[in-house]
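J.: One structure follows; several queries about it will come next.
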Amino acid sequence: MDEILRNTGWIEVICGSMFSGKTEELLRRMRRAEIAKQRTVIFKPLMDTRFSKDEVVSHSHMRSPSLPIEDPAEILSHSKKYDVIGIDEGQFFSEKLVEVCERLADKGKRVIIAGLDQDFQKQPFGPIPALLAKAEYITKTHAICAVCGNPANISYRKIRKVSQIMLGGDAEYEPRCRSCYNLGDKSPGNKTEKNK
């Protein structure tokens, strides 16, 4: 009996705090896929217009064209002709993203998702924790703690706003290690704004 060779798809998740290089790692992997002559596409949330409406842009200003979408189901219809599908800021999508990524991987696609695994209150964020359970490959990135210089894996919000989703950059967030996060406003040299 002849064996049938099949294209094997899989899911990769790149997670960590803000400023830890998640988007840079996503763009690096996508670039390597392009060098290997694979067809690539990157999706991002429609709501993320911080740096560009139609590009994925890292905090270090690396960039690549992207398709902004609102509903994860849109990824299925836009990715048929691609081999490698990148998804940035995965935490901002609905839980439907998990099913979409599974369907793509089942069809032989390589799916790479970058996103925050925790919100600013150290709680699981969006579909990323479920994707971690489904992924074949996981990379946890770390930033440098803005207070003490140790490895950081928590995004500390410097502005007093309680909603889970708040787009921002270094004016609103800073990376912190567990100890400095727990110090909150009492950390040495803290300049937290008292805005609501």
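J.: Of Ile138, Ile113, which residue is part of a strand (DSSP E or B), closer than 16 Å to Phe43 by Cα, touching a residue at least 24 places away in the same chain (Cβ under 8 Å) and of a type in the set (A, V, I, L, M)?
T.: The conditions single out Ile113.
J.: Give the range 99-115 a look and list any residue that's more than 14 Å from Arg39 (Cβ to Cβ) and surrounded by fewer than 23 Cβ atoms within 10 Å (Cβ to Cβ), or say none.
T.: Correct list: Glu99, Glu102, Arg103, Ala105, Asp106.
J.: Let me ask something else. Looking for whichever is on the phi > 0 side of the Ramachandran plot, touching a helix residue (DSSP H, G or I) at 6+ places or on another chain (Cβ under 9 Å), surrounded by 14 or more Cβ atoms within 10 Å (Cβ to Cβ) and modelled with pLDDT of 95 or more here; the options are Gly9, Gly86, Gly90, Gly16. Which one fits?
T.: Of the residues listed, the single one that is on the phi > 0 side of the Ramachandran plot, touching a helix residue (DSSP H, G or I) at 6+ places or on another chain (Cβ under 9 Å), surrounded by 14 or more Cβ atoms within 10 Å (Cβ to Cβ) and modelled with pLDDT of 95 or more is Gly16.
J.: Looking at the structure I just gave you, is Lys81 under 17 Å from Thr40 (Cα atoms) and either without any contact (Cβ under 8 Å) to a residue 24 or more places away in the chain or surrounded by fewer than 17 Cβ atoms within 10 Å (Cβ to Cβ) (or both)?
T.: Spelling it out, Lys81 is indeed under 17 Å from Thr40 (Cα atoms) and either without any contact (Cβ under 8 Å) to a residue 24 or more places away in the chain or surrounded by fewer than 17 Cβ atoms within 10 Å (Cβ to Cβ) (or both).
J.: Collect the residues in the range 103-162 that are under 22 Å from Tyr173 (Cβ atoms), modelled with pLDDT of 95 or more and among the β-branched types (Val, Ile, Thr), keeping them in residue-number order.
T.: Matches in the range 103-162: Ile113, Ile128, Thr139, Thr141, Ile144, Val147, Ile154.
J.: List, please: which pairs have Cβ atoms under 6 Å, are six or more places apart or on different chains, and start with a residue in the range 14-32 that is aliphatic (A, V, I, L, M) and end with one that is modelled with pLDDT of 95 or more and assigned to a helix (DSSP H, G or I)?
T.: Hits for this filter: Ile14/Lys22; Ile14/Glu25; Ile14/Leu26.
J.: Could you count how many residues in the range 42-86 are in a loop (DSSP other than H, G, I, E, B) and within 14 Å of Val111 (Cβ to Cβ)?
T.: 5
J.: Return the residues of the range 120-135 that are on the phi < 0 side of the Ramachandran plot and either assigned to a helix (DSSP H, G or I) or within 12 Å of the chain's Cα centre (by Cα) (or both); say none if nothing qualifies.
T.: The answer is Phe125, Pro127, Ile128, Pro129, Ala130, Leu131, Leu132, Ala133, Lys134.
J.: Among all residue pairs at least 6 apart or on different chains, which show Cβ distances below 8 Å where the first residue, located in the range 33-61, is surrounded by 15 or more Cβ atoms within 10 Å (Cβ to Cβ) and the second is among the aromatic types (Phe, Trp, Tyr) and modelled with pLDDT of 85 or more?
T.: Close Cβ pairs (under 8 Å, with a partner that is among the aromatic types (Phe, Trp, Tyr) and modelled with pLDDT of 85 or more) amount to Thr40/Tyr82; Val41/Tyr82; Pro45/Phe92; Pro45/Phe93; Asp48/Phe92; His59/Phe19.
J.: Could you count how many residues in the range 31-60 are closer than 27 Å to Glu172 by Cβ and out of contact with any Phe, Trp or Tyr (no Cβ under 8 Å at 6 or more places or on another chain)?
T.: The number of residues fulfilling the criteria is 14.
The values are calculated or read from the model by the stated rules, or taken from the named source; none is laboratory data. This structure is a prediction, so every number in the text was calculated from the model and none was measured. Quick reminder, even Gly has a Cβ in these numbers, built from the backbone with ideal geometry, and neighbours come from all protein chains shown.
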